[in-house]
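Report on one structure; see the data block that follows.
The values are calculated or read from the model by the stated rules, or taken from the named source; none is laboratory data. Just so it is clear, the structure is predicted and the values come from calculations on it, not from any experiment. Every residue, glycine as well, gets a Cβ built from its backbone with ideal geometry; the counts of neighbours run over all protein chains shown. For the accessible areas, the whole protein counts, side chains as well, though only heavy atoms, and no ligand, DNA or RNA atoms are used. Shrake-Rupley method; radii C 1.70, N 1.55, O 1.52, S 1.80 Å.
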Amino acid sequence: MKNWIRQSFRNRVFASVLLITLVPIFVCNVLTMVIMVGRSNRALSQDGKAQVTACADSFRGICADIEEIADTLSTGTVVRSALRNHSSDSRAMFQRLNQACFFIRDFCRVDIVFDDGVCAYTTAEVNPGDYRPDWGILRCAAQSDTTVYTAGEDGTSICAGQAVRSRDGAVLGYTVFTMTREHIDSLLAGNYSDSNDIFIMSPAWRMVYSSRSAFPADMPQILRAEHLSGKRLTGGDYGECNFYSVEGKRTDFTLLLRQPMTFAARVTNAFYGVNMFLTITSLLLCIAYAFWLSDHLAQPVDKMTSAMSRISAGDLDTVIDITREDEFGRLGEDFNRMTARYKENLETSVSRQRELDETQVRMMQAQLNPHFLYNTLDSIKWMGVTNHMPEIARMSADLGALLRASISGDEFITLEQELELIERYLEIQYIRFEDRFTCEIDVPWELQQCMIPKLCLQPIVENAIIHGVADLQEGYIKVTGSRDGGDLVLCVADNGVGFPEEIMEQILHPTDMHPQRHLGLFNVNRILRLNYGEGSGISVQSEPGQGSRVLLRLPMHPKESEGGTNPC
Amino acid sequence: MRRLFAIMLCALLLSGCALSSEKTRPNDTRMVVLATNLPEETVLPFICEFENRTGLWVTVRTGAAREVMDMARAGQCDLILGLGADTMEANRDIFRALPYEAELAPWVPTGSNWMPVFASRPVIIYNRNLIQNNPPEEFSDLLDPMWSGQIAMGDPEKCDMAAMTLTILGGDNQSELEGRFACLRRNIAALLPETRYAVDEVAKGNASLAIVTSQMLSDRPLGSLGRVFPGTDTMVFTQAAGIPVGAANPEDARTLLSYFLSEEVQTLAAEHFDGISVLSIHSADASVNVYDARHAGQHLWVVMEAWAAVWEDAQ
């Protein structure tokens, strides 16, 4: 997996996008679920405990009232007297009963019962009937001196009772308090929310009260069985609920609050199901997006890599197909431009190399039998001396010097040597043109020590003679030299006929084609540019009939001096 | 860092599984399991009082007679209650010996392992809207062809009250039994899981008549129901109790059985169950023809085989 990611830019982008999109979604979903369920359950738990505590408080309150009233009635003379006399129509007794029970009559029924179980007085509108003296609440009350609590005989009420005894301890009768379902409803109303249920379980955990009249018939048995087995109370498969219980200290009855769970297992499972669905959906979307994005990013890189491979293989015509306008598009354009320029430079180099090769060939051809020509010229010179023809001797000597310079192996010579060759050349031309022109050379001595390509100035002077002043009676040519920053500027000026328009055009916009005229000018320009770059070369200023100025610009290169300071 | 992240993620996921719950557990509670074929509401008032008096907890499991007997055989209960004397006598081997019979119920066979607890009288009930004249007066009248398809009855295979009905109606030998059962089979409208459902069937008019016990009619208005206590064959149907050999808590079961046999319970039961207490059957009502349990117990297998033969032929 690690290698799979590392091996490819596309895979790395794919994995990164997948990771940074999926993990936050998944973590956020789970975190939200856990926090939401946890907080809800905690709030529900607190709420449930508060409600069951409130109900228990109410229940304890009524029990305390009952016990207080039971004590009051059991020790009262009126009650004792009525029970002792088996009087069931005592007005004082009725008043006493109603007075004592005024505040609790909404929450329980109070009966005064003779020792044989006959109900003598009651706060109910209808006499509830007789009790069995050896059964239920009366049996328990007879065995205790305090208030006792039992489930009612019908199993759906709570009874509290206390024996009324004579001074010698004999049982005269009983006060019995009965809390029916309606009474308990009134007592607990408002202490718990409607969505919850309150159950009251007897000491043996039999349900004696339920706030909900309709509930599953087997729920009491299930609760009792769960209680007995010590399991967590669930109430059976009737919806997931929390149960909160409070055990009564006085009564041994247990209050149970049944609270439906907001996030029951099926709700939570539904949440997790939706969560899983969203995660899977997100996963699919992320995979699709990550695939698209990685492809989108990797495609131009792949194209470029492929193009680079083709170029490496020598296919310089490779062009990237650009379909985008973003950074990758611009990168592709730059790549294409770079490739085109590289191809152009390569072609130029090849062309220059070819020219160089041709030049070398020509030079080699030109060097064929150079000594033969030089020796011939030397023979001519001595024939001129012998025959008293000094001009021929001088021309032969000058021509030999020029020939020697041209065939020498040095590509670069000092400007001083070049000027000396020019003077040799002028000697010859003076004889030929019978002194119809003069040439003045004015180059500072310090510039004459700079190195320049061999025979780069002579062709300009020749050009000025042949095409400039040849037809004049008083031609004038001046060769000057100056310094312009780091460049050496040599100027050949004449007062000749000037350059024709087409020659000017060729000089201003040189091509690879060799011109028919002014070949020396063209060659010098090429030599300077080849040696020193595009910033060097020839420039021409010419006015037809007014003369011309040919300027040679080249970098100033000093001669390597043997000690001492080079003036350049 | 990656491991830490993974651990945190796992902890986060697992934390959602832990929810607090209220747990309750009673203190060292002693418990008796009572299996009965009586309706729970019939025995519950007695049970509640017992729990109140003794502090013992009683778990009541109800079912048809066969299910109750199965629970006893499997040792799933400490005491069974409500089965007929003939059924108890027929299965006496699965119960522990009881010490009461001589003093409390002299008519119980010597050495029996079961004890009658409640008693009620068999009674013929009929729908007065359907039978306005000449209702049956004796059990044998139910074999008359005029009641063809009009009798509701419990399934004798499951319900021992129905089995007792067969012994009441049956004869002494196989052919006599099968002859009478064939007549009964012809007259049966519906065979019910338990005999007490026959009360509702007759009241609703789905059947014209049935044999039930007086206990099944207690605490309910008769309404359209008429009832006849057969004069010549008057007898009681006892609902007995026994402690299975495999009972986990036989001592507390014995306490519960003693409570059922106490004077308070028997008096209250007599009020509810047609005035018959098992304590007074033998002496108080000399006219009552006491059910011969030993004979019925020994005869029960023969009766049931005859019934099965007739029923299968009819099927």
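Brief remarks follow.
- A DSSP coil position with no more than 11 other Cβ atoms inside 10 Å describes the following trypsin sites (Lys or Arg not before Pro) in segment A:249-298: A:LYS249.
- Long-range HN-HN contacts of A:MET207 with modeled amide H, under 5 Å: A:SER202
- Under the convention that each Lys and Arg Cβ holds +1 and each Asp and Glu Cβ holds -1, the size of the dipole of chain A around its Cα centre is about 3420 debye.
- Ranked packing of A:327-339, B:113-125, A:537-549, most packed first, by mean Cβ within 10 Å: B:113-125, A:537-549, A:327-339
- Shielding by partners for peptide B:44-51, expressed as the average number of C-beta atoms from other protein chains within 10 Å of each residue's C-beta, is 5.
- Size of charge dipole - segment A:42-190 - debye, nearest 20, with Cβ of Lys, Arg +1 and Asp, Glu -1, no other charges: 240
- Remark: relative contact order (chain A) = 9 percent; criterion is Cα-Cα distance under 8 angstrom and separation of 6 or more residues.
- Dipole of segment A:446-541 [Lys/Arg +1, Asp/Glu -1 at C-beta], most positive-end residue of A:LEU490, A:ILE466, A:LEU530: A:LEU530
- Shielding value for B:189-196 is 0, the average number of Cβ atoms from other chains within 10 Å of each residue's Cβ.
- By a 1.4 Å probe calculation restricted to protein chains, A:THR53 has an accessible surface near 60 Å², given to the nearest 10.
- Shielded by partner chains, segment A:25-64 residues - at least 20 Å² of accessible area, 1.4 Å probe, vs chain alone: A:PHE26, A:VAL27, A:VAL30, A:LEU31, A:VAL34, A:ASN41
- Of the residues A:SER166, A:ASN269, A:THR53, the one whose Cα sits farthest towards the positive end of the charge dipole of chain A is A:SER166 (charges of +1 on Lys and Arg Cβ, -1 on Asp and Glu Cβ, taken about the Cα centre).
- Accessible area buried between chains A and B, both sides summed, probe 1.4 Å, in Å² to nearest 100: 2900
- Nonlocal amide H pairs with A:THR122, under 5 Å, H built at 1.01 Å: A:ILE112
- Over segment A:184-318, accessible surface divided per residue gives 49 Å², non-protein components excluded, 1.4 Å probe.
- Inter-chain Cβ neighbour average for residues A:125-134, partner chain, 10 Å: 1
- Of the residues B:SER208, A:HIS86, A:GLY38, the one whose Cα sits farthest towards the positive end of the charge dipole of the protein assembly as shown is A:HIS86 (charges of +1 on Lys and Arg Cβ, -1 on Asp and Glu Cβ, taken about the Cα centre).
- Fraction of accessible area attributable to carbon and sulfur, chain A (%, probe 1.4 Å): 55
- Fraction of accessible area attributable to carbon and sulfur, segment B:127-230 (%, probe 1.4 Å): 43
- If you take the Cα centroid of segment A:389-451 and the Cα centroid of segment A:275-319, the two points sit 71 Å apart.
- Note on segment A:68-131 and segment B:239-261: Cα centroid distance 41 Å, given to the nearest whole angstrom.
- Accessible-area loss of 50 Å² or more (1.4 Å probe, protein heavy atoms, chain alone versus all protein chains) is found in segment A:230-248 for A:GLY230, A:ARG232.
- For A:ASN98, the shell of other residues with beta-carbons less than 12 Å away shows a net charge of +3, using +1 for Lys and Arg and -1 for Asp and Glu.
- For chain A, the share of DSSP beta bridges that are antiparallel, to the nearest 5, is 90%.
- Dipole magnitude of segment B:123-272 about its Cα centre (Cβ charges: Lys, Arg +1; Asp, Glu -1), debye to nearest 20: 500
- Principal axis analysis of the Cα atoms in chain A yields extents of 196, 48, 41 Å, listed in decreasing size.
- Where Rh is the Kirkwood radius over Cα pairs, Rg/Rh for segment A:1-141: 1.64
- Put simply, the C-alpha atoms of segment A:447-561 give a gyration tensor, and the ellipsoid matching it has half-axes of 24, 17, 11 Å, longest first.
- Within segment A:289-447, the proportion of C-alpha pairs whose separation exceeds 20 Å stands at 72%.
- Under the combined filter of DSSP loop state and at most 15 neighbouring Cβ atoms within 10 Å, segment A:153-259 retains these chymotrypsin sites (Phe, Trp or Tyr not before Pro): A:TYR238.
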